[in-house]
Amino acid sequence: MVSGLGEVAAGLSKGALQPSELLEACLTRIAALDDKLHAFLRLTERTARAAAKAADLRRAARQPLSAIDGVPIALKDNFCMEGVETTCGSRILQGYVPPYDATAVARLEAAGAVIVGKLNMDEFAMGSSTENSAFGPTRNPWDLSRTPGGSSGGSAAAVAAGLVPGALGTDTGGSIRQPASLCGCVGLKPTYGRVSRYGVIAFASSLDQVGPLAPDVQGVALLLQSIAGQDERDQTSSARPVPSYGELLEKSVRGLTIGVPKELFAEGLDGQVERAVRAAMARLEEDGCTLKPISLPNAPHAIAAYYLVATAEASSNLARYDGVRFGHRAQADSLLEMYQATRAEGFGAEVKRRIMLGTYALSAGYYDAYYLRAQKVRTLIRRDFEQAFAAGVDAVVSPTCPTTAFRLGEKSGEPLAMYLSDVYTVPANLAGLPGISVPCGFDQGGLPIGVQLVGRPFDEGTLLRLARAAERGREQRTPEGF
């Protein structure tokens, strides 16, 4: 099994590992195991081997480009990569080959990372189970009858199964943290604006965020270091300097205050999940953190607000997929019929549902009642966090998910039940705050459980310190058969 990204980076630095050998080990493992998981949609073997050979030479000359030079990394399939088909898990983009790289991809390549391939996802990142992919579901390596979560389910499953040491995903309402929790790996959603969204196929532009997944906190820190920073092609990216996350990892957490919101430990939370999360909180307390009860009174309204804001933005963003310029085009006798047939054939049921919800919310006579009111609730949620931080809280703790991984098909006929999988993760997206999920235990069936920490804007360093402390006390297991 491929080791944690931090361990891999250390092995490369010491010369104990060679990039080409590491890549071949990953490709061999993918070939042997991915038929069970369906984490990958396509591999980029030719370019990956060329990148690994170049990394071999740099490592031999002791001139690595970065700590992740030569590390195999995989990408969620909504990242544009020059010359590589990018479908976003949708039939409507089948055959689309971007002529450019997303900024996050370009920065990984500039750091020497070896891009192995593209990973499965819910179509246009709309889902919490990776069952909405037009190319079939991904399975959870801990139990192949269960979902890996979503929408970055392919990313989480590939990392958890040891197919690659790290991956990139996107998080619009929990799509990095939720699958990280269900698959037992670490997933970080940075502050909105910390990582460029340029070249990432949009779902909801004010909520989408790029972030890393890895088996270990150190690996997540190394990936974030490589992709963070301002990008002139993304006007929402921040000019704030990027600190050295690796140096911050080993700082003591003694004296930090962690807020415990009563609203995120309420009805609907599985008892086994709550016990594991509270045990993780107790370990942080033993390390010198103070647990402080707080209230986030508007958090219960986050799901309702999110599914108005996100669907409204999706309705606008997905209007460009009409069969004219790129992707799938249906055969029809008129332009209007072509539009209708292309979108009917190209979009799946969940994407159609969200486009219709968003179009309705933006329509004349309903804008003020729905979309505008949701934006006001979003402001109140952000203020709740601001008040907690102003009162001396350094981070807010909660479960990442209300349950462990559910069975494939269990919630596919109940959209509202599926939406509630993100009940604890959505508030951080609406507020634009950084959040991280760290494994903290297992249920009686051996399924992983994650604890979530949400921090101040652009204070990923403190979150990583706390996550590192939480990681030290966790039980170490690997999925059987992987």
Revision key, fill the gap. Only one of (1) at pLDDT below 95; (2) touching a strand residue (DSSP E or B) at 6+ places or on another chain (Cβ under 7 Å) does not apply to Leu416, and that is (2)
Check your understanding: Got at least one residue in the range 379-397 being over 24 Å from Ile436 (Cα atoms) and not small (Gly, Ala, Ser)?
Key -> no
Point to revise | Residue ranges of strands (runs of 3 or more DSSP E) in the range 103-200 with at least 2 members of a type in the set (Gly, Ala, Ser), crowded, with 24+ Cβ neighbours inside 10 Å and modelled with pLDDT of 95 or more | key: 166-170
Check your understanding: Mind checking which pairs have a first residue in the range 370-395 that is without any contact (Cβ under 8 Å) to a residue 60 or more places away in the chain and a second that is part of a helix (DSSP H, G or I), Cβ under 6 Å, 6 or more apart or different chains?
Key -> Arg382/Ala431
Practice item. Using the structure shown, decide if Ala280 is farther than 23 Å from Pro415 by Cα and not β-branched (Val, Ile, Thr). Key: yes
Revision key, fill the gap. Here the qualifying pairs (Cβ atoms under 8 Å; residues six or more apart or on different chains; first in the range 222-245 and among the acidic types (Asp, Glu); second modelled with pLDDT of 95 or more and not in a loop (DSSP other than H, G, I, E, B)) come out as Asp231/Thr103; Asp234/Thr103
Practice item. Please identify the pairs in which a residue from the range 6-25 that is in a helix (DSSP H, G or I) has its Cβ atom under 6 Å from the Cβ atom of a residue that is acidic (Asp, Glu) and surrounded by 15 or more Cβ atoms within 10 Å (Cβ to Cβ), counting only partners at least 6 apart or on another chain. Key: Gly6/Asp216; Pro19/Asp56; Ser20/Asp56
Exercise for review: Evaluate the following for Arg468: is it touching an Asp or Glu at 6+ places or on another chain (Cβ under 8 Å), in contact (Cβ under 8 Å) with a residue 60 or more places away in the chain and among the basic types (Lys, Arg)?
Suggested key: yes
Exercise for review: Return the residue satisfying two criteria in turn: it lies in the range 264-293 and is touching a helix residue (DSSP H, G or I) at 6+ places or on another chain (Cβ under 7 Å) and farther than 18 Å from Ala467 by Cα, and of such residues it is surrounded by the most Cβ atoms within 10 Å (Cβ to Cβ).
Suggested key: Leu264
Study note, to complete from the structure: Of those in the range 30-63 that are assigned to a helix (DSSP H, G or I), farther than 30 Å from Ser145 by Cα and small (Gly, Ala, Ser), the residue nearest to the chain's Cα centre (by Cα) is Ala48
Point to revise | From the options Gly246, Gly271, Gly255, Gly229, residue that is among the small types (Gly, Ala, Ser) and touching a Pro at 6+ places or on another chain (Cβ under 9 Å) | key: Gly229
Revision key, fill the gap. Of the residues in the range 460-482, those that are in contact with a Pro (Cβ under 7 Å, 6 or more places away or on another chain) and either surrounded by 24 or more Cβ atoms within 10 Å (Cβ to Cβ) or over 23 Å from Asp270 (Cβ atoms) (or both) come to Glu460, Gly461, Leu463, Phe482
**Study point:** Set Leu37, Leu43: member being surrounded by fewer than 22 Cβ atoms within 10 Å (Cβ to Cβ), farther than 11 Å from Val71 by Cβ and not aromatic (Phe, Trp, Tyr)
**Key:** Leu43
**Study point:** Selection within the range 201-248 - part of a loop (DSSP other than H, G, I, E, B) and either at pLDDT below 95 or out of contact with any helix residue (DSSP H, G or I) (no Cβ under 9 Å at 6 or more places or on another chain) (or both)
**Key:** Gln230, Glu232, Gln235, Thr236, Ser238, Ala239, Arg240, Pro241
Point to revise | Conditions (1) outside any strand (DSSP E or B); (2) more than 15 Å from the chain's Cα centre (by Cα); number of the one not met by Cys401 | key: (2)
Check your understanding: Conditions: (1) closer than 29 Å to Gly392 by Cα; (2) surrounded by 13 or more Cβ atoms within 10 Å (Cβ to Cβ). Gly323 meets all but one. Number of the miss?
Key -> (1)
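The values are calculated or read from the model by the stated rules, or taken from the named source; none is laboratory data. Because the structure is predicted, anything quoted here is derived from the model rather than measured. In this analysis, Cβ positions are derived from the backbone assuming ideal geometry, glycine residues included, and neighbour counts consider all displayed protein chains.
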